[in-house]
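> Starting off with a structure, shown below.
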Amino acid sequence: NAGVTQTPKFQVLKTGQSMTLQCAQDMNHEYMSWYRQDPGMGLRLIHYSVGAGITDQGEVPNGYNVSRSTTEDFPLRLLSAAPSQTSVYFCASTKTRLATTHTGELFFGEGSRLTVL
Amino acid sequence: AQSVSQHNHHVILSEAASLELGCNYSYGGTVNLFWYVQYPGQHLQLLLKYFSGDPLVKGIKGFEAEFIKSKFSFNLRKPSVQWSDTAEYFCAVNVRGGSQGNLIFGKGTKLSVKP
């Protein structure tokens, strides 16, 4: 198992450019999500998906789009990059969609460091 | 809205010192609690978790945490830290019955251990 794989690891964009951060997991997890990590801010949820064809917004969704056409993939699109989107992005997944009495571990990818000039 | 507070932004300890990192959450219902660790340049890894049962939870690498419901706290402890524990530590919460992966993270505590 590769776990959660993110590409690219590093990217530099100019303001206004668009790009897609890729995320794939091979653990057959229902749930996938994107977080951004900024210094002193912890991790904030951007978008999440509880299954193929289902997505929803997290805490900071503006400027980002997602889709979930397959169980394995959950790409994050920046439509028109802004300097405020300079951050480290983490994709994460977990097996089941609901928080129960036996919540499983959230598995994180290695991160994608994005700089917007 | 739910929130998670970590009291210390940066903690500096010498090797063999004891560690306690504070975490408080604000939510009146039932929650699951987590501590994640992020070593320099790496992704987050689960250190330990609590969802029910014994409020004293043991995790990897000698870490433990105690859930005190009346104080809405889930403090992380280690009796004797090592240089290799230098990392950033994140407390996180999710709401029982909500979406499992929607963790609410604290802002993190950076731990520096001097050899």
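A short reminder: the numbers here are calculations on the coordinates, not readings from a lab. For clarity, every value in this text was computed on a predicted model and none was experimentally measured. A quick note on method: Cβ atoms are made from the backbone with ideal geometry, for glycine too, and the neighbour counts reach across all protein chains shown.
> With 19 Å as the cut-off, how large is the P(r) tail for chain B, expressed as percent of Cα-Cα pairs? Before the final figure, lay out each step's value.
Working: 2689 of 6555 pairs.
I get 41 percent for the Cα pairs in chain B exceeding 19 Å.
> Mind checking which of A:Phe74, A:Phe90, A:Phe107 has the largest fluctuation in a GNM of chain A, springs on alpha carbons under 10 Å?
The residue that fluctuates most here is A:Phe107.
> Something else about it: Using r as the Cβ-Cβ distance of B:Ala17 and A:Ser84, and R0 as 35 Å, what FRET efficiency do you calculate, to the nearest 0.05? Kindly include the intermediate steps, with their values, before the conclusion.
Details: r = 39 Å, r/R0 = 1.11.
Computed FRET efficiency for B:Ala17 and A:Ser84: 0.35.
> Would you pull out the residues with amide H under 5 Å of A:Met19's amide H, same chain only if 5 or more places away, H placed 1.01 Å from N?
For A:Met19, whose amide H was placed from the backbone, the distant partners under 5 Å are A:Leu78.
> Express in whole angstrom the spacing between the alpha-carbon centres of segment A:22-45 and segment B:34-67.
What the calculation gives is 18 Å, centre to centre.
> Now for a separate question. Taking a 19 Å limit on the Cα-Cα distance, which of the listed pairs B:Lys78/B:Lys114; B:Lys61/B:Lys110; A:Lys95/B:Lys78; A:Lys95/B:Lys61; B:Lys58/B:Lys78; A:Lys95/B:Lys69 fall beyond it?
Listed pairs above 19 Å: A:Lys95/B:Lys78; A:Lys95/B:Lys61; A:Lys95/B:Lys69.
> When only alpha-carbon atoms count, how far does segment A:1-96 stretch along each of its three principal axes, as whole angstroms with the largest first?
35, 23, 22
> Now, a different point. Counting only other chains, and only Cβ atoms inside 10 Å, what mean value do you get across the residues of A:105-113?
4
> Hey, quick one: spin label on A:Asp56, modelled 7 Å out along Cα-Cβ, who in segment B:29-67 has an amide N within reach, i.e. under 17 Å?
In segment B:29-67, the label zone of A:Asp56 (backbone N under 17 Å from the point 7 Å along Cα→Cβ) covers B:30-32.
> On to the next question. Averaged across B:46-55, how many Cβ atoms of other chains sit within 10 Å of each residue's Cβ atom? Could the numbers behind the result be given before it?
Numbers: counts 5, 0, 0, 5, 1, 6, 4, 1, 0, 0.
The shielding value for this peptide is 2.
> Mean separation of Cα pairs under 8 Å and 6+ residues apart, divided by the residue count of chain B: what relative contact order is that in percent?
37
> Translational diffusion coefficient, Stokes-Einstein: compute it for the protein assembly as shown using the Kirkwood radius over C-alpha pairs as Rh, at 4 °C and 1.567 mPa s, and state it as an integer in µm² s⁻¹.
The estimated diffusion coefficient comes to 72 µm²/s.
> Can you put A:Trp34, B:Trp35, B:Trp83 in order, fewest other beta carbons within 10 Å first?
B:Trp83, B:Trp35, A:Trp34
> Now, a different point. Taking chain A as a Gaussian network, where each spring joins two C-alpha atoms under 10 Å apart, which residue of A:Gly16, A:Gly63, A:Gly40 fluctuates the most?
Taking springs between Cα atoms under 10 Å, the residue moving most is A:Gly40.
> Using each residue's phi in segment A:11-23, evaluate 6.51 cos²θ - 1.76 cosθ + 1.60 at θ = phi - 60° and report the 3J(HN,Hα) Karplus result to the nearest Hz, with x for Gly and Pro.
Each residue of segment A:11-23 in turn: 7, 10, 10, 9, 3, x, 6, 10, 6, 10, 8, 9, 9 Hz.
> Then there is this: What FRET efficiency, computed as 1/(1 + (r/R0)^6) with R0 = 22 Å and r the Cβ-Cβ distance, is obtained for B:Ser70 and B:His7, rounded to the nearest 0.05?
Given R0 = 22 Å and the Cβ-Cβ separation, E is 0.80.
> In a GNM of chain B with a 10 Å cut-off on Cα contacts, which of B:Pro79, B:Pro40, B:Pro55 has the highest mean-square fluctuation?
Taking springs between Cα atoms under 10 Å, the residue moving most is B:Pro40.
> Considering amide H positions built from the backbone, and no H for Pro or chain starts, which residues 5 or more places from A:Ala82, or on another chain, come under 5 Å of its amide H?
Under 5 Å from the amide H of A:Ala82 lie the amide H atoms of A:Gly16, each far enough along the sequence or on another chain.
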